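The values are calculated or read from the model by the stated rules, or taken from the named source; none is laboratory data. Predicted model only: the values in this text are computed from it and were never measured. FYI the Cβ positions are ideal-geometry reconstructions off the backbone, even for glycines, and counts take in every protein chain you see.
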Amino acid sequence: MTSKTIKRGTPRRPVQQKRRKPPKASFIDRTIAALPLSEATLTRIATWTIVATVCAGVLAIGVWMGIPGAVGTAVGEGVGEAGFRVNNVQITGLSRMDQNTIYKIALEQPSLAMPLVDLEKTRERLVAHSGWIEDAHVSRRLPDTLLVQIVERTPAAVWQNNGQLALIAANGTYLEPVQADAMPDLPLVVGEHANEQQESYDRLLASAPALRPQVKAATWVGNRRWNLTFDSGETLELPEGDDSASRALVKFAQMDGVQPLLGKGWIGFDMRDPSRLVARKPGDTAGGTVSTPAIAQPAKPKPAATEAKQSARLAAQG
């Protein structure tokens, strides 16, 4: 009989491999995963970005090296055919103008390929189109949108000339016509070139703020001086020159504050000679000079000793 020897020994344990921790996602990977976009969409965006960057670089190098404009235009059109073409115009800042007008001006381009849109010329056309537009800013937002930001002027007065009414800005820029029954609560300036004097007129009224709410209209006379018309119906003729007119108006305001002149039956006041005030009543063609002692310096109080002597004298006489 054959015998087999069985060797007994310590059983070998299977070697357990160490578990490797999954690699920690980078910040960029976590950011991309959080975006509500598919991987395919992100890939397309990255591709178009690279294409746009390369094309823009080629176009810039071509301009720098003096390559003929036709070549640059061809490159720009190629970028446009790749999807970078104006399809949308986003407008902000409008409150009075028609939005369709801005659309039309923004899209008036020799080419709508994004690299070939002339942003500065577009801005210049917008500013030149209407007095309402004080300034404009035009920029691109890839892949297909033009951003147009409009800065509109604010009406500062109503200008009446040759029977026509119009809104004007603070610098006198013509804005648009206005009907008499739809006039806003703004100062009224009358006469040829009166709109060009709007800023000086504002300074004039600012010199006498107490009178400003009572001024109904201002007429620019002979392209050299102002006549003011008050709510109560009187007209005040002022001298030439901004400083002289301001001083005369301040003096008139002081006189009216001490001894009211407005609403007292006068029809007009003449201060073309700032040293005196000539007032007219209905039917009075020559007018008369209004004395102004009321605006002189107030009398100084008498000393107490003098008052005592006067009191003693009066008592003795009594």
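Taking the listed residues Ile168, Ile150, the one that is under 30 Å from Pro187 (Cα atoms), modelled with pLDDT of 95 or more and touching an Asp or Glu at 6+ places or on another chain (Cβ under 9 Å) is Ile150, with no other qualifying.
Does Leu165 satisfy being part of a strand (DSSP E or B), assigned by TED's automatic domain parsing to the domain that holds Tyr201 and free of Cβ contacts under 8 Å to residues at least 40 places away in the same chain? Answer is yes for this residue. It is to be established whether one or more residues within segment 194-206 are modelled with pLDDT of 95 or more, under 30 Å from Ala128 (Cβ atoms) and hydrophobic (A, V, I, L, M, F, W, C). Yes: one or more hits.
Among the residues of segment 193-213, is any among the hydrophobic types (A, V, I, L, M, F, W, C), surrounded by fewer than 17 Cβ atoms within 10 Å (Cβ to Cβ) and not assigned by TED's automatic domain parsing to the domain that holds Glu134? Among the residues of segment 193-213, at least one is among the hydrophobic types (A, V, I, L, M, F, W, C), surrounded by fewer than 17 Cβ atoms within 10 Å (Cβ to Cβ) and not assigned by TED's automatic domain parsing to the domain that holds Glu134, which makes the answer yes.
Of all the numbered requirements in (1) more than 18 Å from Arg212 (Cα to Cα); (2) part of a loop (DSSP other than H, G, I, E, B), Pro260 misses one, and that requirement is (1).
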